[in-house]
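Derivation of every value follows stated rules applied to the coordinates shown; laboratory data play no part. Note that the structure is predicted; figures quoted are calculated from it, not measured. With ideal geometry, Cβ positions are generated from the backbone for all residues, glycine too; neighbour counts draw on all protein chains shown.
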C-alpha cells in the first residue's frame, strides 16, 4: 500500500512537471506581442518572432514563473525598430519593464499609457521620435487615488511637447518614482515641482534641454532625497530658490544656459555632498561665496559666462577633488598668485579666461601635475612664460592670448618642450616684437604633437619663420594681424596636415607660390578626412574672415578648410593650381594687388562655400563655369577691372549687387545694366577650337569665292574682247 502511494505521488509529480514544461506564454500576451511586431519594422535587426515558438523564448521577452507565463519584460534597445506603439501593449497587464530606447519609433504615446500599465517599474523610451503632449491619462472613477509601481521613467530625447501637468493620474500616483528624465524634448510651462509632493522618493530629476520657463518653484525643495537636479538649457528666470539649498543629499546641480539672476547664496555651501555645480551662461552676479571651499567633494565647478565680480576665494583651494574649474567670461579680478593651486592635484581643466586678472601667471599652477588644458586668455597678465610649464607633462591645450606677455622667443624655446602640447594660442601678446626666424630655434623634436598654432594680432615684425616647416602635424595656423614682410614661402605647401591657414592683414608681398596650392590635406576630401580631428579639451575661439564675431569650435573637424590672405601686398596672377584644392571651403584673397583673369580652374573646387577676390586688379570675364559651384553662398569680386556679363542661374542669382560693384565694364545680372551682346556662357577650350576652325573655314571660303569670282570676271572680259 505504501509502495502504491509512493508510486502515485511520483506520477503526480511527473504530471506536474510535464504540465509546467509544456506551458507557454499567456495567449492574450502572445497576441498582443504579435500585434506589436506587425506594427513595427526593423531593416537593421528584424525581430524574427516565430509564432510557432513559445513567445517567452522570443528575443527581448521575459516571462514570469506562473502557470500563465505572463510577459513581464520587453527589452529591445538599439534594434532599429520603426513605427508607432500600438494599443495592444496596454493589454500586457503584468509588464514591469519596457525598454525600447535608441530606436526610430514615432507618433504619440497611446492614451492612458502609464495608467493602463500600472505594474510598470521601469519605462525607457528614450532616443526615439515620440511626439504629442503629456499627461498621457486622466482621472476616472477613483483613479485619482491609485498608486503606481513606476520607479524609473525615461522619455528623454524625443519630440514630446506641452506642459507636464499635475492632473496626470500616473504622475500623481507615482509614489515610488525614483528617477524622472524628460530631457531633450520640447516641454513648456513651469517645472513640475508638484512631483516632489507626489513622489517623495525622487532622487533624480532631469528637465534639461527643453523650453521650460518661469521661476524655479520653491516646491523643488521638498525633494529631500534628490541627488541629481538637472534643468539646464531652458528659459528659466529669477533667483535660485533658497529651498534648493536644503537638499542635503544633492550631488549634481545643473542649471546652465537659462536666464537666472541674482547672487549665488552663501547657503549653497550647505550642499556638502555636491560633486558638480554648473550654473554657467546665466545672469548671476555678485561674488563667489567666500566659503565655497566647504564643498570639498566638488569635482566640477563651472560658473563661466555670468557677471560674477570680486576675486577667486582662497578657500577654493580646499576643493582638492576638482577635475574641472571654469570661471571664464566674468568680471573677476585681482592677482591669482595667492590661490594655492598646488592643492589641485587632480585638476585637469582650468579656464580663467576673459576676466581681469593681473600679475604674473601664478607659478603654483605648474604644480597641478594632472592639468591637460589651461586658458588664461583675455586677462591683464604680465611677465614671461616660465620654464616650470614643462613640468606639466600632460598639458595638451594652452591659451594665453590677449594678455601683456613679453619675449616670444623665450616662450617658443620653452613651450616646444611640452611634449603633448597640441593646441597653442598666444595671440595678442608680444606686441611689436620680432618673430624669431632662426631655423635652429625649434629643435628637430620640438612641438612633436602641435596641431593648432596661433600668434595672430601681435603686430610681430619679420618674415614667416622657416622653423614652421618642422611642425609636420600642424593643421591650423594663424599668423594674421601682424607686420610680417617678404614673400609667402612655398614650403608651407609641404605641411601634410595643414588645412586652415590665415596670413591676413600683414605686409606680405610677391606672387602667390604655386606650392601653396598643393597642400595635401586640401587636395581631396579623403586626404582631409584622414587628418586628426580630435575633440579639444577646451573650445577655441576663431574670428574667420567675413565673420564679425568669434566662432566657438570644440573640435578640429568644425573648423572650415580655409586659406585667408586678405589685406596684404600680393601681386601677380592667381595660379591655375588653385584648382587642386578640392576640399577647400573658404578662399579669401581680397584687398591685394592681384592681376590677370579669374582662373576657370576655380570651378574644380566643388566644396567651395565662400570666395572673396574683391579689391584687386583682376580683369577679364567672370568664368561662367563658376555657376557649377552649388555650395558657394558667398562670392565677392567688387572693385576690380572685370568686364562682360555676370553669369546667371544657380546661386549667382542670389548674390547682392554690392558683390559686383566697382567693375565699370561688368553688366547684366543683379547690376541691371544691359550688355551689348546677349549674355551667354564663354567658350570652353573646345568651343574656342571650334571657333578658330570656323574662322579658318570662313577665311578659306572667302578666298575661294574671291578667286572664283575673279576667274569668272577675267574669263568674261577675255571672251568679250576676243
For the stretch 486-685, fraction of C-alpha pairs farther apart than 27 Å, in %: 30
Could you calculate the contour length gain from residue 643 to residue 449, that is, 0.36 nm times the residue separation minus the distance between their Cα atoms, to one decimal place in nm? 65.0 nm
Correct choice for Kirkwood radius over Cα pairs in Å that was computed from the model, options (i) 31.8; (ii) 28.2; (iii) 26.9: (i)
Restricting things to Cα coordinates, could you compute the convex hull volume per residue of the stretch 264-383 in Å³? 82
Extension reserve of the residue 407-residue 211 stretch, reckoned as 0.36 nm per residue once the Cα distance is removed: 65.6 nm
So the FRET efficiency between residue 68 and residue 118, C-beta based with R0 = 22 Å and rounded to 0.05, is 0.80
Between residue 331 and residue 133, what is the FRET efficiency for a Förster distance of 45 Å, r being their Cβ-Cβ separation, to the nearest 0.05? 0.60
Please give the contour-minus-distance gain from residue 218 to residue 273: 0.36 nm per residue of separation, less the Cα-Cα distance, rounded to one decimal in nm. 17.7 nm
Estimated distance in nm for a label pair at residue 391 and residue 78, the labels positioned 7 Å out from Cα along Cα-to-Cβ: 4.4
Nearest-ten-degree value, helix 685-720 long axis tilted from longest Cα axis of the chain: 30
With T = 10 °C, eta = 1.306 mPa s and Kirkwood Rh from C-alpha pairs, the Stokes-Einstein D of the stretch 272-312 in µm²/s is about 147
For the chain, the longest principal axis of the Cα atoms and the Cα long axis of helix 27-38 enclose an angle in degrees, to the nearest 10, of 10
With a Förster distance of 60 angstrom and the Cβ-Cβ distance between residue 342 and residue 159, calculated FRET efficiency to the nearest 0.05 equals 0.75
For a label point 7 angstrom out from the Cα of residue 665 toward its Cβ, which stretches of the stretch 594-608 have the backbone nitrogen within less than 16 Å? 595-599
Of the peptides 267-275, 51-59, how do they stack up when ordered by the mean number of other Cβ atoms within 10 Å, highest first? 267-275, 51-59
If you fit an axis through the alpha-carbon atoms of helix 2-22 and take the longest principal axis of the Cα set of the chain, what angle between them do you get, 0 to 90°, nearest 10? 30
Zone reached by a paramagnetic label modelled 7 Å from residue 433 Cα along Cα→Cβ, restricted to the stretch 367-384 with backbone N below 13 Å, covers 382-384
Considering only DSSP beta bridges where both residues belong to the chain, give the percentage that are antiparallel (nearest 5). 5
More than 26 Å apart - percent of Cα-Cα pairs taken over the stretch 201-348: 19
